[in-house]
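*Asks:* Supplied in structure tokens, the structure appears directly below.
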Amino acid sequence: MWTVLITKGYIPFPSSGSTAVIIDDALYIYGGVEELTEDLWRYCCELHRLDLTNLTWTSPIPDGNSPQGSDKAVGWAYDKKIYIFGGYGQCSRCTLNGYSFEVDPSNHANKGWNNQLSIYDPSTNRWTTPKTGGVPPRPRAAHAADVSGDKVFIFGGRLAEMRANDLYVLDLKKMYWTQISIKDSSFEIPEGRSWHSFNFITENRAVLFGGLSRNQIPCGDWWECEIEGNQVTWHLKGTVPKEQTLVWHRTALSNFTKELVIVGGVTCSPYNMKEEDHVGILHVIPFTPPSLLSLSLQEIVKNGIIFHLLKKDCFLPKCLLDLLMIKFKVRYNKAVIYCEEHKSVIK
């Protein structure tokens, strides 16, 4: 069940392609692009913070060198710090610690792709640009990243007309980049893509879903990869019908149910999308058998047993009754109200 939350404070200007990271009870948003007028866009370099306990926005003004304003970067949290990598935007002011910028040849406003890595520490309110070893990924945007243990893995993304299918790992303790090699070249591997998702479901298994291919065609496949050391093995797990392909979506793994939840996105190339191409359906991919509790609640709601339970002297605790009410409303779009005084049900 979705709930609309009303926030207050210094609410950020509407933007697209920004990067969001959660640390403790705070949501941080950085970058993105703002449409000032129909023909004028601005790549943001401000940081915004939403306190999730009271839904109040603030806009910290950090010290240090902030990342270059861009959209379609990736971000992650590690050791209570925010990491931002890559993106597309204005030409970088500088190329610190070996990071680079590649100009978009199709754009005359000095825009392009970067591979800058920046770290924000909320405890000191400061941006830093770390020194790293190894060879970092080339500049890119609309890539995907996820953390496993003390490492972050980055897959794919767009650079000019290329959409990559490479996999890099950054050791967050040693700050060292390594490109992950294919363990067995006889196995099929995913094609290059951007605007996809990449999420770990165990310590060494991750899921790649959807995205936009090199030919600007939405990808209808989803893959699992197994990572052993600095090698990876890919397994094609399935495909979805054309009308269910997703680009520019978001995914998250529920630590409670071990389900991969897929939210939003569009069913066509974002360069040609219309309002009706936006997806309002929530997709769920389970990776463990459902719990007995989940199965029981599902059957109670599905078969109408909820009304038999409520009409009798109910033995279920209130927390379970409340959960059943919510699940019934979500499934049938009808409210169920239990009147304790008269032992009756109102549909």
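*Asks:* Based on the Cβ-Cβ distance of SER291 and ASP25, what FRET efficiency does E = 1/(1 + (r/R0)^6) give at R0 = 25 Å, to the nearest 0.05?
*Replies:* Efficiency at R0 = 25 Å is approximately 0.35.
*Asks:* Kindly report the accessible area of the chain per residue (heavy atoms of protein chains, probe 1.4 Å, no ligands, DNA or RNA), in Å².
*Replies:* 55 Å²
*Asks:* Moving on. For region 226-240, in order, what is each residue's ³J(HN,Hα) by Karplus, 6.51 cos²θ - 1.76 cosθ + 1.60 with θ = phi - 60°, in whole Hz (x at glycine and Pro)?
*Replies:* Rounded to whole hertz, the list is 10, 10, 10, x, 10, 10, 9, 10, 9, 9, 6, 9, x, 10, 10.
*Asks:* So how far apart, in nm, are the two label points at MET1 and MET175 if each is 7 Å from Cα heading toward Cβ?
*Replies:* With each label point 7 Å from Cα toward Cβ, the separation is 4.7 nm.
*Asks:* Give a residue-ordered list of calculated ³J(HN,Hα) values for region 139-154 (Karplus: 6.51 cos²θ - 1.76 cosθ + 1.60, θ = phi - 60°; whole Hz; x for Gly, Pro).
*Replies:* x, 6, 9, 6, 8, 9, 8, 8, 9, 9, x, 9, 10, 10, 10, 10
*Asks:* Express in nm, to one decimal, how much length is gained between ARG42 and LYS302 on full extension, taking 0.36 nm for each residue of separation and deducting their alpha carbon distance.
*Replies:* 88.6 nm
*Asks:* Which whole-number percent gives the relative contact order of the chain, counting Cα pairs below 8 Å spaced six or more residues apart?
*Replies:* Relative contact order for the chain comes out at 8 percent.
*Asks:* Can you sort HIS143, HIS278 by 1.4 Å-probe accessible area, starting with the largest?
*Replies:* HIS278, HIS143
*Asks:* In the chain, carbon and sulfur make up what percent of the accessible area (probe 1.4 Å)?
*Replies:* 54 percent
*Asks:* Then there's this: Just tell me which aspartates and glutamates come within less than 15 Å, Cα to Cα, of LYS131; anything on the same chain fewer than 8 places away is out.
*Replies:* ASP171
*Asks:* Hey, another quick one. For labels at ASP63 and LYS318 in the simple 7 Å Cα→Cβ model, what's the distance in nm?
*Replies:* About 5.0 nm separates the two model spin labels.
*Asks:* Now a separate question. Pairs LYS151/LYS183; LYS72/LYS183; LYS242/LYS329; LYS8/LYS274: which are spaced more than 26 Å apart, C-alpha to C-alpha?
*Replies:* LYS72/LYS183; LYS242/LYS329; LYS8/LYS274
*Asks:* So what's the convex hull volume per residue for the Cα atoms of region 186-304, in Å³?
*Replies:* 134 Å³
*Asks:* Per residue and in Å³, how big is the convex hull formed by the alpha-carbon atoms of region 40-167?
*Replies:* Dividing the Cα hull volume of region 40-167 by its residue count gives 132 Å³.
The values are calculated or read from the model by the stated rules, or taken from the named source; none is laboratory data. Keep in mind it's a predicted model, so treat the numbers as computed, not measured. All Cβ positions, glycine included, derive from the backbone under ideal geometry; neighbour counts span all protein chains shown. Please note that ligands, DNA and RNA were not included when accessible areas were found on the heavy atoms of the full protein model with its side chains. Shrake-Rupley method; radii C 1.70, N 1.55, O 1.52, S 1.80 Å.
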